[in-house]
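K.L.:
Supplied in structure tokens, the structure appears directly below.
The values are calculated or read from the model by the stated rules, or taken from the named source; none is laboratory data. What you see is a predicted model; the values in this text were computed from it and never measured. Cβ atoms come from the backbone with ideal geometry, glycine included; neighbour counts cover every protein chain shown. The area values use the complete protein model at the heavy-atom level, side chains included, leaving out ligands, DNA and RNA. Shrake-Rupley method; radii C 1.70, N 1.55, O 1.52, S 1.80 Å.
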Amino acid sequence: MTPEASSAHAAGEAPADVIVVGAGIAGAVAARRLHDAGARVLVLDKARGVGGRMATRRLGEATLDHGAQFFTAPGELLTAMVDDWQRAGVVVPWFEGRLLPTGGRAADGHPRWRGRDGMTSVAKHLLDPVAVRTSARVTALRVIEANGIQAWSVETEDGLAARARQVVLTPPVPQTLAVLQAGGVVLHAADADVLGEAAYHPCLALLAVLDGPSGLPAPGILRPAGEPIEVVTDNQLKGISRVPALTVHAGPHASAELWDAPDDVVVSTLLGALPRLIAEPRPEAVQVQRWRYARPVAVVPEPFRVLRDLPPAVLAGDIFDGPLVGGAARSGWVAAGVLLGD
Ligand SMILES: Cc1cc2nc3c(=O)[nH]c(=O)nc-3n(C[C@H](O)[C@H](O)[C@H](O)COP(=O)(O)OP(=O)(O)OC[C@H]3O[C@@H](n4cnc5c(N)ncnc54)[C@H](O)[C@@H]3O)c2cc1C
């Protein structure tokens, strides 16, 4: 069952033991681990598809990754996960080594992985057997009591009020705090202190379908020195797009500066700052994506957080022991382990 198809199933509201908010990599890893252990899991995500910041979008004939471009898998746990994903055919190695501003790479022995059909491939694979409801923005989390047992009521914009004894909360922390507050949940001071500090850099992403090859050298990704551009990728050379299409990410300072600028200003600033490519293709179609919570400013030095004095609620995601895809996946895995008594 695809995650999209399974949303219809979830709408029938089979009772869940655990509700996972967020179908990014942390939520997908957590949900799959809980599902495989026999728990009845319901995943809710406000987006139309799964993957969160591992996002892939179609634009005309082009397919573009517009959030994370690749990931590494340091350590035993991540290596084992990626081995599984590679066996399932959902990830492939893209290149090796750290990107240098000159266009070269510094060998470091770590393959950079990409999703086979784009970065969303991983979450789609993980959530395949799990009940998922997309386009389901959680608006409030409330503590309820039935027969003397406390549990969670999770309310969505489209009128769902699902109940579960346990929740895993994986949105960026300010979004999680907002839904807890909307449900009148009062956090223990120790949790409020740590979580109240959570902050993320924004990132502006420009997607541009080109009328010819970009001219970027293989493997199709460049990290220029300095801002405004942090990284530029040719999705065709990357192997996910039938036609040449660039993803251009602005750095954190440029993203903050240009955040409120109209799209045409963002487009002209970023296209004007493209590193000198071999060819000079013209964009046929462009789109701007604003990631308000792109990367944690600082990482919380713990792999998850269990909320005190409340029914079981574990926060996970890239701000916990992160900050990248690998950190988020690890956080989701250990957060699920907490609920399984691991
Ligand atoms: C532009 C960009 C480039 C990046 N490049 C890289 C890279 O090259 N390599 C790398 O390793 N990492 C990269 N990262 C970081 C990486 O994408 C993240 O660390 C990782 O994907 C975070 O996963 P997560 O599950 O913690 O959070 P997310 O992927 O953000 O998942 C959280 C989910 O919660 C959902 N959600 C939020 N609020 C609600 C709500 N109220 N109700 C329901 N659902 C909700 C969201 O829709 C989302 O799907 C990049 C990030 C960005 C934005």
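K.L.:
Putting +1 on Lys and Arg Cβ atoms and -1 on Asp and Glu Cβ atoms, find which of V132, W259, I319 reaches farthest to the positive end of the dipole of the chain.
P.N.:
With unit charges placed on the Cβ atoms, the residue in question is V132.
K.L.:
Could you give the DSSP H helices of the chain that reach 18 angstrom or more along their long axis (alpha carbon positions) and whose average Kyte-Doolittle hydropathy is no lower than -0.5? Walk me through the numbers on the way to the answer.
P.N.:
On the way: long enough: 325-339 (22 Å, 1.05).
Helix filter hits for the chain: 325-339.
K.L.:
Percent relative contact order of the chain, based on C-alpha pairs within less than 8 angstrom and at least six residues apart?
P.N.:
On the way: 810 pairs, mean separation 72.8, N = 342.
Dividing the mean separation by the residue count of the chain yields 21 percent.
K.L.:
Among A190, A245, V92, which residue has its Cα positioned farthest towards the positive end of the charge dipole of the chain, with +1 placed on the Cβ of Lys and Arg, -1 on the Cβ of Asp and Glu, and the dipole taken about the Cα centre?
P.N.:
Toward the positive end, the furthest listed residue is V92.
K.L.:
Once you order the gyration tensor axes a ≥ b ≥ c over the Cα atoms, which shape class does the stretch 114-200 get: rounded for a/c under 1.5, otherwise prolate or oblate by comparing a/b with b/c?
P.N.:
Working: a/c = 2.23, a/b = 1.37, b/c = 1.62.
Cα axes put the stretch 114-200 in the oblate bin.
K.L.:
Dipole of the stretch 16-67, Cα-centred, from +1 at each Lys and Arg C-beta and -1 at each Asp and Glu C-beta, to the nearest 20 debye?
P.N.:
Values: 8 positive and 5 negative charges, 19 e Å.
Dipole size: approximately 100 debye.
K.L.:
Given the C-alpha centroids of the stretch 193-227 and the stretch 98-172, what is the distance between them in whole angstrom?
P.N.:
Between the Cα centres of the stretch 193-227 and the stretch 98-172 lies a distance of 22 Å.
K.L.:
What whole number of Å gives the distance from the Cα centroid of the stretch 47-61 to the Cα centroid of the stretch 259-313?
P.N.:
If we compute the Cα centre of each part, the gap is 14 Å.
K.L.:
The stretch 123-216: which GluC sites (Glu not before Pro) are DSSP loop and have at most 15 other beta-carbon atoms within 10 angstrom?
P.N.:
Counting only loop positions with at most 15 other Cβ atoms within 10 Å, the GluC sites (Glu not before Pro) in the stretch 123-216 are E157, E197.
K.L.:
What is the sum of charges, Lys and Arg at +1 and Asp and Glu at -1, for the other residues whose Cβ falls under 11 Å from the Cβ of H253? Each step should come with its number before you reach the end.
P.N.:
On the way: positive: none; negative: E227, E230, E257.
Residues close to H253 contribute a combined charge of -3.
K.L.:
Taking the DSSP beta bridges in the chain as the whole, what percent of them are antiparallel, to the nearest 5?
P.N.:
Working: 48 of 64 bridges.
Beta bridges within the chain, antiparallel portion: roughly 75 percent.
K.L.:
Can you compute the charge dipole magnitude of the chain about its Cα centre, using +1 on each Lys and Arg Cβ and -1 on each Asp and Glu Cβ, nothing else charged? Give it in debye, rounded to the nearest 20.
P.N.:
Numbers: 31 positive and 36 negative charges, 93 e Å.
Value, rounded to 20: 440 debye.
K.L.:
In the stretch 281-296, whose amide N lies under 19 Å from the spot 7 Å out along Cα-to-Cβ of F95? List them in ranges.
P.N.:
Counting backbone N atoms under 19 Å from the label point, the list is 281.
K.L.:
Near L169, within a Cβ-to-Cβ distance under 15 Å, what is the net charge of the other residues, with Lys and Arg +1 and Asp and Glu -1? Intermediate values should be presented prior to the final figure.
P.N.:
Values: positive: K46, R137, R142, R165, R305, R308; negative: D45, E155, D191, E302, D318.
Taking every Cβ under 15 Å from that of L169, the sum is +1.
K.L.:
On to the next question. Taking the solvent-accessible surface of protein heavy atoms with a 1.4 Å probe, what is the per residue accessible area of the chain in Å²?
P.N.:
Working: 14970 Å² over 342 residues.
Per residue, the chain has 44 Å² of solvent-accessible surface.
K.L.:
Tell me the trypsin sites (Lys or Arg not before Pro) within the stretch 47-129 that lie in a loop according to DSSP and have at most 13 other beta-carbon atoms within 10 Å.
P.N.:
Those that pass, being in a loop and sparsely packed, are R48.
K.L.:
How about the stretch 196-289: which trypsin sites (Lys or Arg not before Pro) there are in a DSSP loop, with at most 15 other Cβ atoms within 10 Å of their Cβ?
P.N.:
Answer in residue order: R242, R276.
K.L.:
Continuing with this model, one more query. Among DSSP beta bridges whose residues both lie in the stretch 208-342, state the antiparallel percentage, nearest 5.
P.N.:
Working: 14 of 15 bridges.
Expressed as a percentage, antiparallel bridges in the stretch 208-342 total about 95.
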